[in-house]
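K.L.:
Following this message is one structure expressed as structure tokens.
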Amino acid sequence: MNRIEKAFHQTERKSFVPYIMAGDGGLDTLKDRLLFLEKSGATAVELGIPFSDPVADGPTIQQAGIRALKAGTTLRKTLKAISECRNEVSIPLIVMTYINPVLSFGIDAFAEAAAAAGIDGCIIPDLPIEEEHLISGALEGKAIELIRLVTITSPPERIKAIVSRGNGYIYAVTVAGITGTRSGFNPDLGAFLQKVKELSPIPVLAGFGISTPDHVRDVSKYCDGVIVGSRIIDLFEQNELDEIKKLISASIAIQA
Amino acid sequence: MTQKVYAMPDEKGHFGIYGGRYVPETLMTAVIELEEEYQRALKDPEFSRELNYLLKEYVGRETPLYFAENLTKHANGAKIYLKREDLNHTGAHKINNTIGQALLTARMGKRKVVAETGAGQHGVATATVCALLNLDCVIFMGEEDVRRQELNVFRMELLGAKVISVKSGSATLKDAVNEALRYWVANVHDTHYILGSVMGPHPFPKMVRDFQSVIGQESKAQYLEKEGKAPNAVVACIGGGSNSIGMFHPFIEDKSVKMFGVEAAGQGVETQFHAASLTKGKPGILHGAMMYLLQDEDGQVQEAHSISAGLDYPGVGPEHSHLQDIGRVSYESITDDEALDAFQLLAKTEGIIPALESAHAVAYAIKLAAGMNREEGIIVCLSGRGDKDVHSVKEKLGGRNHE
């Protein structure tokens, strides 16, 4: 059983996976943030790699990426920083990156370096299943899970095709839109998540637009847990660590 | 030995290793729907009838293939013909594509359109057809380009479009595409993205090429009629590469026809200030496709620089990337200063003020012609007219032309 499977098996609660931007606040804060998130009850952490043209991201993650790039963050440096603290962090670590930095790094070299750093999974938002052969073989060879996304705009037959290849967990995008906080959710969200859940042999986590403890509670009802990005980034930026704890514990309160 | 016929892209939209569909899952359904509708439209005589009607009666096709005798004398070599895409309605080749895509939008039952624009020509061409076909229209344009192309912004607004200024990144075409894609992701249920060049996810590079191929098809027939043979060379400028692929594609199998794509060298390809993706970039993935891309050693996309807003893009269409790799097209580059000289030269010798984009092609064609003999001939795609650039050229030249 790999680290991701274990994390979902051991938990008696819905999962909570925070997303942070690597290098936002400097890469030397990475270790502290990972340890803090683990201690606060995070199931796993998604670690964003900054990219110059993040088309799937809203203003918060765009700005975090700009800050990280200005601080000199690169994929290479991030993997190095992770490998230096990996033995102190036991929860799964998932890298979320657009495809071009990986292509530039070299696909095989990336798989090897990520595995050596103790990366458990990889999410690439601009790599649909039609193009995933570019990297899936290399990741498989190094036992890194390629985590796939389904969205509320994916028709049922596509959802089936995606979840049937699933590794790790399924990232269910709750909105037709980019990342970031928003006031309300699509009324079909519950039905969508239940549908994905029905079809998927692996855990289903909902993400995009989840920013309050109420969201965490409400959305988790329909699936195995949530991913929170923009709100976590804002809270770290404002140094509101207690608020982060509250968000994560909103999930703990739910019994699976 | 049998010669393999050029048939790109493959069914997944790949031109060799380039192209493809590197977009968020949210858009996959829309690009698949678009491809299916495009395939249906191609088989529907009503679609081609409507398209051809509008191209003739509304756009004013066919455009002339004009023998530029004075420019030829100046270059003192091969005959130079200008394919006058500047004479299209709205003043550039962009409308060939927007008419086609707007008709597809209506066929898909969508009533809203989003588009990006650099120089403003694609934005104007999109706003124009949206006015004609009664579609809502939102245009994203980099803040820097809004400043450079103030008049085109006003044109789009006159035509009923909403223009949104983009402040992120370099605030030019690349960033306008990012914002247009984000908008499309959020509004994909009722909105079509009219991409303006041969880039983006499949089927855009193929579809836009097909709509623009009318340039090369007409040129081929017109040149044959005037000269009784094929041209020795065709020349066109390249930003994303839509006018050039439109010119080149119908000539790809005519191996005797040399093809030259002209990138913007900005302040020089040896500096950091250029837009020469094919000359200086390496394969990468941006805006849905693999292509030659200006990027740093960590895969971050670099800002492009050109005096011409329409060439100011760090990538280049996947098909051009492939044509460079197989050696069918030679990709050259022309600096800002050379383009400015050609801009003025064409105005003085022929009474034609070209778009700064097209001036890059003219500048290269003059050099090329000078090294060829008088029996040979070159077709230059004069992709747009220069009215939009008069203001910024004036700023650039200062008072230099006054007595």
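K.L.:
Can you tell me which residue in the range A:138-164 is least open to solvent (accessible area, probe 1.4 Å), limited to those that are in a loop (DSSP other than H, G, I, E, B) and away from every other protein chain (no Cβ under 13 Å)?
P.N.:
Selected residue: A:Ile144.
K.L.:
Which ones in the range A:112-135 are assigned to a helix (DSSP H, G or I) and more than 14 Å from chain B (Cβ to nearest Cβ)?
P.N.:
A:Glu112, A:Ala114, A:Ala115, A:Ala116, A:Ala117
K.L.:
What pairs can you find where one residue is in the range B:181-203 and over 18 Å from B:Ile285 (Cα atoms), the other is among the aromatic types (Phe, Trp, Tyr) and part of a helix (DSSP H, G or I), and their Cβ atoms are less than 7 Å apart, with a gap of 6+ or different chains?
P.N.:
B:Thr191/B:Trp184; B:Tyr193/B:Trp184
K.L.:
Also: Hey, among B:Glu62, B:Glu85, which residue is touching a helix residue (DSSP H, G or I) at 6+ places or on another chain (Cβ under 8 Å), of a type in the set (D, E, K, R), over 18 Å from B:Asn232 (Cβ atoms) and open to solvent by less than 10 Å² (accessible area, probe 1.4 Å)?
P.N.:
The conditions single out B:Glu85.
K.L.:
Condition first: within 14 Å of chain A (Cβ to nearest Cβ), over 22 Å from B:Leu293 (Cα atoms) and charged (D, E, K, R). Now tell me which residues in the range B:167-225 satisfy that.
P.N.:
B:Asp190
K.L.:
Looking at (1) within 14 Å of chain A (Cβ to nearest Cβ); (2) surrounded by fewer than 17 Cβ atoms within 10 Å (Cβ to Cβ); (3) in contact (Cβ under 8 Å) with a residue 12 or more places away in the chain, find the lone condition where B:Gln267 falls short.
P.N.:
With respect to (1) within 14 Å of chain A (Cβ to nearest Cβ); (2) surrounded by fewer than 17 Cβ atoms within 10 Å (Cβ to Cβ); (3) in contact (Cβ under 8 Å) with a residue 12 or more places away in the chain, B:Gln267 is out only on (1).
K.L.:
Continuing with the same structure: Please specify each residue of the range B:270-312 satisfying the condition of being of a type in the set (S, T, N, Q), part of a loop (DSSP other than H, G, I, E, B) and either within 14 Å of chain A (Cβ to nearest Cβ) or in contact with an Asp or Glu (Cβ under 8 Å, 6 or more places away or on another chain) (or both).
P.N.:
Correct list: B:Gln300, B:Gln302, B:Ser306, B:Ser308.
K.L.:
For the range A:243-253, what are the residues that are farther than 15 Å from A:Asp32 by Cα and open to solvent by 10 Å² or more (accessible area, probe 1.4 Å)?
P.N.:
Selection gives A:Glu243, A:Lys246, A:Ser249, A:Ile252, A:Ala253.
K.L.:
If B:Gln212 satisfies all but one of (1) open to solvent by 10 Å² or more (accessible area, probe 1.4 Å); (2) more than 26 Å from B:Val301 (Cα to Cα), what's the number of the condition it fails?
P.N.:
(1)
K.L.:
A:Ala68: in contact with a helix residue (DSSP H, G or I) (Cβ under 6 Å, 6 or more places away or on another chain), more than 8 Å from chain B (Cβ to nearest Cβ) and at negative phi, yes or no?
P.N.:
When the stated conditions are applied, A:Ala68 does not pass them.
K.L.:
Which of the numbered conditions does A:Ala109 fail, given that it passes all the others? Conditions: (1) surrounded by 24 or more Cβ atoms within 10 Å (Cβ to Cβ); (2) more than 9 Å from chain B (Cβ to nearest Cβ).
P.N.:
Exception for A:Ala109: condition (1).
K.L.:
Further question: Out of all the residues in the range B:72-82, which are buried (at least 24 other Cβ atoms within 10 Å of the Cβ) and either aliphatic (A, V, I, L, M) or within 18 Å of the chain's Cα centre (by Cα) (or both)?
P.N.:
Answer for the range B:72-82, where residues must be buried (at least 24 other Cβ atoms within 10 Å of the Cβ) and either aliphatic (A, V, I, L, M) or within 18 Å of the chain's Cα centre (by Cα) (or both): B:Ile80, B:Leu82.
K.L.:
Further question: Looking at the range A:7-22 only, could you name the residues that are of a type in the set (D, E, K, R) and not in a strand (DSSP E or B)?
P.N.:
Of everything in the range A:7-22, those that are of a type in the set (D, E, K, R) and not in a strand (DSSP E or B) turn out to be A:Glu12, A:Lys14.
K.L.:
Continuing with the same structure: What residue, among those in the range B:244-264 that are out of contact with any helix residue (DSSP H, G or I) (no Cβ under 7 Å at 6 or more places or on another chain) and open to solvent by 20 Å² or more (accessible area, probe 1.4 Å), is nearest to the other protein chains (Cβ to nearest Cβ)?
P.N.:
Ranking the candidates gives B:Glu253 first.
K.L.:
Moving on to the next point. So which of A:Gly184, A:Gly177 ends up being assigned to a loop (DSSP other than H, G, I, E, B), open to solvent by less than 10 Å² (accessible area, probe 1.4 Å) and at pLDDT below 95?
P.N.:
Among A:Gly184, A:Gly177, only A:Gly177 is assigned to a loop (DSSP other than H, G, I, E, B), open to solvent by less than 10 Å² (accessible area, probe 1.4 Å) and at pLDDT below 95.
K.L.:
Would you mind stating whether A:Ile232 is at pLDDT 95 or above, surrounded by 19 or more Cβ atoms within 10 Å (Cβ to Cβ) and either among the aliphatic types (A, V, I, L, M) or touching a helix residue (DSSP H, G or I) at 6+ places or on another chain (Cβ under 7 Å) (or both)?
P.N.:
yes
K.L.:
Please find, among A:Ser90, A:Ser83, the residue that is more than 27 Å from B:Asp175 (Cβ to Cβ), hydroxyl-bearing (Ser, Thr, Tyr), more than 14 Å from chain B (Cβ to nearest Cβ) and under 17 Å from the mean Cα position of the chain (by Cα).
P.N.:
A:Ser90
Conditions tested, residue by residue: (1) free of Cβ contacts under 8 Å to residues at least 12 places away in the same chain; (2) in a strand (DSSP E or B); (3) surrounded by fewer than 24 Cβ atoms within 10 Å (Cβ to Cβ).
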position	(1), (2), (3)
B:Lys110	no, no, yes
B:Ala127	no, no, no
B:Leu132	no, no, yes
B:Asp145	no, no, no
B:Asn152	no, no, no
B:Ser165	no, yes, yes
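K.L.:
Can you tell me which condition B:Tyr22 does not meet? The list is (1) modelled with pLDDT of 95 or more; (2) touching a helix residue (DSSP H, G or I) at 6+ places or on another chain (Cβ under 8 Å); (3) open to solvent by 20 Å² or more (accessible area, probe 1.4 Å), and all the others hold.
P.N.:
Every condition holds for B:Tyr22 apart from (3).
K.L.:
Kindly establish whether B:Glu395 is more than 23 Å from B:Lys226 (Cβ to Cβ), of a type in the set (Asp, Glu) and either assigned to a loop (DSSP other than H, G, I, E, B) or without any contact (Cβ under 8 Å) to a residue 40 or more places away in the chain (or both).
P.N.:
Answer is yes for this residue.
K.L.:
Follow-up question, since we're still on this one. Report, ordered by the first and then the second residue, all pairs with beta carbons closer than 9 Å, sequence separation of six or more or different chains, a first member in the range B:297-313 that is touching a residue at least 60 places away in the same chain (Cβ under 8 Å) and under 24 Å from A:Ala71 (Cα atoms), and a second member that is of a type in the set (Val, Ile, Thr) and part of a loop (DSSP other than H, G, I, E, B).
P.N.:
B:Glu303/B:Thr172; B:Ala304/B:Thr172
K.L.:
Out of B:Gly327, B:Gly266, B:Gly246, B:Gly228, I need the residue that is modelled with pLDDT of 95 or more, of a type in the set (Gly, Ala, Ser) and under 30 Å from A:Arg76 (Cβ atoms). Which one?
P.N.:
Selected residue: B:Gly266, the only one of B:Gly327, B:Gly266, B:Gly246, B:Gly228 that is modelled with pLDDT of 95 or more, of a type in the set (Gly, Ala, Ser) and under 30 Å from A:Arg76 (Cβ atoms).
K.L.:
Against the conditions (1) open to solvent by 30 Å² or more (accessible area, probe 1.4 Å); (2) touching a residue at least 60 places away in the same chain (Cβ under 8 Å); (3) under 23 Å from the mean Cα position of the chain (by Cα), where does B:Tyr53 fall short? Just the number, please.
P.N.:
All conditions are met except number (2).
K.L.:
Further question on the same structure: Would it be correct to say that A:Ile129 is touching a Phe, Trp or Tyr at 6+ places or on another chain (Cβ under 7 Å), open to solvent by 20 Å² or more (accessible area, probe 1.4 Å) and of a type in the set (A, V, I, L, M)?
P.N.:
In short, no.
K.L.:
Could you give every pair whose Cβ atoms fall below 6 Å, whose first residue belongs to the range B:17-36 and is more than 7 Å from every other protein chain (Cβ to nearest Cβ), and whose second residue is part of a strand (DSSP E or B) and small (Gly, Ala, Ser), counting only separations of at least 6 or pairs across chains?
P.N.:
From the range B:17-36, the pairs are B:Gly19/B:Ala289.
K.L.:
Checking B:Ala7 against (1) at pLDDT 95 or above; (2) away from chain A (no Cβ under 14 Å), only one condition comes out false. Which one?
P.N.:
Answer for B:Ala7: the failing condition is (1).
The values are calculated or read from the model by the stated rules, or taken from the named source; none is laboratory data. Being a predicted model, the structure only gives us computed values, none of them experimental. When we count neighbours, we look across all protein chains shown, and the Cβ atoms used for this are built from the backbone with ideal geometry, even at glycine. Each accessible area value is taken on the protein alone, full model and side chains, heavy atoms only, with ligands, DNA and RNA left out. Shrake-Rupley method; radii C 1.70, N 1.55, O 1.52, S 1.80 Å.
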